[in-house]
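Remarks on the structure that follows.
The values are calculated or read from the model by the stated rules, or taken from the named source; none is laboratory data. Given the structure is predicted, the values throughout are model-derived calculations rather than measurements. Note: ideal-geometry Cβ built from the backbone for every residue, glycine included; neighbour counts use all protein chains shown.
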Amino acid sequence: RAKALGKARSEVFEAKMHQKARNRLMVESELKLGLEDGQVIPYFQPLVDMKSGYIAGFEALARWRHPVHGILGPGYFIEIAEETGLINPLGLTMLEQACLAGRKWKALAQNKQGLLMSVNLSVRQFASPTLLEDIAEILAKTGYPPHLIKLEVTESGIMANAEASVKLLNSLANMGLKLSIDDFGTGYSSLSYLHRFPFDSLKVDQCFVGRMQEKEENKKIVQTIVGLAHDMAKEVIAEGIETKAQFEILRDMKCEYGQGFLFARPLPAKEAEDLLVQSPRW
Ligand code: C2E
Ligand code: MG
Ligand code: MG
Ligand code: MG
C-alpha cells in the first residue's frame with residue numbers, strides 16, 4: 001500500500017513538473033515577444049536624500065505589461081529571464097529607459113547635479129561578451145551622464161562569481177558608472193573581498209530595516225553595515241523604509257539615502273514625474 005501511495009505521489013509530482021516546465025516555456029516565449037514589443041518597462045521608486053529629505057533619484061524596477069495578465073512584477077519573470085539569457089535584452093532595455101527618463105526629468109531635479117538613476121544589473125549579464133559595448137552604446141545614444149547612473153549588483157551574485165565580477169565591475173567603474181552592492185547583508189561577503197570591488201555604495205537589505213525595531217540585533221546589524229561602509233568611504237542606501245520611526249533611526253545613523261513605501265512605491269513613469277513636479281520633502 002505504501003508503495004502504491006509512493007507511486008501515486010511520484011506521478012502527481014511528475015505531472016506538476018510537466019506543468020511547471022510547460023509554464024516556463026510559455027513564459028519564455030511570451031517574454032521574448034514581449035521584450036521585442038516593448039512590454040517590459042521600468043517603474044520608478046524614489047531614492048530620498050536622508051539629509052535634505054528631497055528626491056535624489058530613482059531606482060528603475062522592471063514590470064511586464066502583459067497584454068492578458070496586466071502588470072506583472074519581477075517575481076514572475078526575472079528568474080526565467082536569467083535562466084534563458086533574456087536577462088541581457090531585459091537589463092539593457094531597463095538601462096536605456098531609465099537613462100531616457102532621467103534625461104527627460106532633468107529640469108525637475110531637486111538637486112542641481114541631476115537625478116541619480118539606479119538600474120539593477122544581474123551577474124548573469126556578465127556572461128554576455130558584448131555587455132560593455134552594449135552599455136557604452138546606450139550611454140552614447142541617450143547622452144545620460146555615467147556618473148548619474150548607478151548599477152546595482154546583488155551581493156550574492158557577486159560572491160557566486162567573485163573573480164569575473166571584479167573584472168567586470170572594474171570595467172564599468174572605468175566607464176564612469178556608479179556601482180552599488182544590492183541586498184547587502186544577505187550574501188555572506190568575505191570582508192577581505194569587499195575591498196577588491198570598486199563599488200560606491202552599499203544597499204542595506206530591507207529584511208534588516210523592516211525588523212530593526214522588532215529586534216535590537218537587526219538594528220545593530222544595520223549600524224554595523226553603515227559603519228563598515230563609512231569606514232571604506234562608501235555611501236549607504238537603506239531599502240524597505242516603511243515607517244517614520246525607521247526613517248529617523250536611519251537618518252540618525254547618517255545613512256545617505258533611503259528608499260521605501262514611506263516615501264513612495266515603485267511608480268509608473270507618469271506618476272513618478274508628477275511626484276517630482278510636486279517637489280516633496282520628507
Ligand atoms: P531590489 O533591487 O532589491 O529592489 C527592491 C525591491 O523592494 C523592489 O521589489 C521594491 O518594490 C521593494 N520595496 C521597496 N520599498 C519597499 C518597502 O518599503 N517595503 C517592501 N516590503 N518592499 C519594498 P520589486 O520591484 O518587486 O523587485 C524585486 C527584485 O527584482 C529587485 O530587488 C531586483 O532584485 C529584481 N529586479 C527588478 N527589476 C530588475 C531588473 O530590471 N533587472 C534585474 N536583474 N533585476 C530586477
Ligand atoms: Mg535593486
Ligand atoms: Mg535590494
Ligand atoms: Mg531585493
Answer yes or no: is there a residue in the stretch 35-54 that is farther than 21 Å from Met117 by Cβ, at pLDDT 95 or above and either part of a helix (DSSP H, G or I) or within 16 Å of ligand 2 (Cβ to nearest atom) (or both). yes
Could you tell me whether the stretch 126-147 includes any residue that is touching a helix residue (DSSP H, G or I) at 6+ places or on another chain (Cβ under 7 Å) and within 16 Å of ligand 3 (Cβ to nearest atom)? no
From the list Leu47, Leu25, pick out the single residue that is on the phi < 0 side of the Ramachandran plot, surrounded by 11 or more Cβ atoms within 10 Å (Cβ to Cβ) and within 22 Å of the chain's Cα centre (by Cα). Leu47
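Just checking, which of Gly91, Gly176 is at pLDDT 95 or above, in contact with a helix residue (DSSP H, G or I) (Cβ under 8 Å, 6 or more places away or on another chain) and surrounded by fewer than 17 Cβ atoms within 10 Å (Cβ to Cβ)? Can you show your working first?
Numbers: Gly91 fails: surrounded by fewer than 17 Cβ atoms within 10 Å (Cβ to Cβ).
Testing whether each residue is at pLDDT 95 or above, in contact with a helix residue (DSSP H, G or I) (Cβ under 8 Å, 6 or more places away or on another chain) and surrounded by fewer than 17 Cβ atoms within 10 Å (Cβ to Cβ) leaves just Gly176.
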Return the pairs, sorted by first residue and then second, in which the second residue is more than 16 Å from ligand 1 (Cβ to nearest atom) and hydrophobic (A, V, I, L, M, F, W, C), the first residue lies in the stretch 186-203 and is closer than 15 Å to Val222 by Cα, the beta carbons are less than 6 Å apart, and the residues are 6+ apart or on different chains. Leu202/Ala229
Considering only the stretch 161-180, I want to know if a residue exists there that is β-branched (Val, Ile, Thr) and within 16 Å of ligand 1 (Cβ to nearest atom). no
Matching residues in the stretch 36-55 - criterion: being of a type in the set (A, V, I, L, M) and touching a Pro at 6+ places or on another chain (Cβ under 7 Å): Ile55
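Can you give me the number of residues within the stretch 186-243 that are of a type in the set (Phe, Trp, Tyr), buried (at least 16 other Cβ atoms within 10 Å of the Cβ) and at pLDDT below 95? Outline the logic, then answer.
Keep residues of the stretch 186-243 that are of a type in the set (Phe, Trp, Tyr), which gives 188, 193, 197, 199, 208.
Within this subset, residues satisfying the condition of being buried (at least 16 other Cβ atoms within 10 Å of the Cβ) are 197, 199, 208.
Going one step further and asking which of them are at pLDDT below 95, we end up with 197, 208.
So the count comes out to 2.
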Within the stretch 225-232, is even one residue on the phi < 0 side of the Ramachandran plot, away from ligand 1 (no atom under 15 Å from the Cβ), of a type in the set (Gly, Ala, Ser) and not in a loop (DSSP other than H, G, I, E, B)? yes
Ser118, sole failed condition from (1) in a helix (DSSP H, G or I); (2) buried (at least 20 other Cβ atoms within 10 Å of the Cβ): (1)
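Right, Glu28: in contact with a Ser or Thr (Cβ under 6 Å, 6 or more places away or on another chain), of a type in the set (Asp, Glu) and modelled with pLDDT of 90 or more or not?
Details: in contact with a Ser or Thr (Cβ under 6 Å, 6 or more places away or on another chain): yes; of a type in the set (Asp, Glu): yes; modelled with pLDDT of 90 or more: yes.
For Glu28, the condition - in contact with a Ser or Thr (Cβ under 6 Å, 6 or more places away or on another chain), of a type in the set (Asp, Glu) and modelled with pLDDT of 90 or more - is met.
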Which of the residues that make up the stretch 57-75 are surrounded by fewer than 16 Cβ atoms within 10 Å (Cβ to Cβ) and in contact (Cβ under 8 Å) with a residue 24 or more places away in the chain? Arg65, Pro67
For Phe247, all conditions in the list (1) at pLDDT 95 or above; (2) in a helix (DSSP H, G or I); (3) more than 14 Å from ligand 1 (Cβ to nearest atom) hold save one; what is the number of the exception? (3)
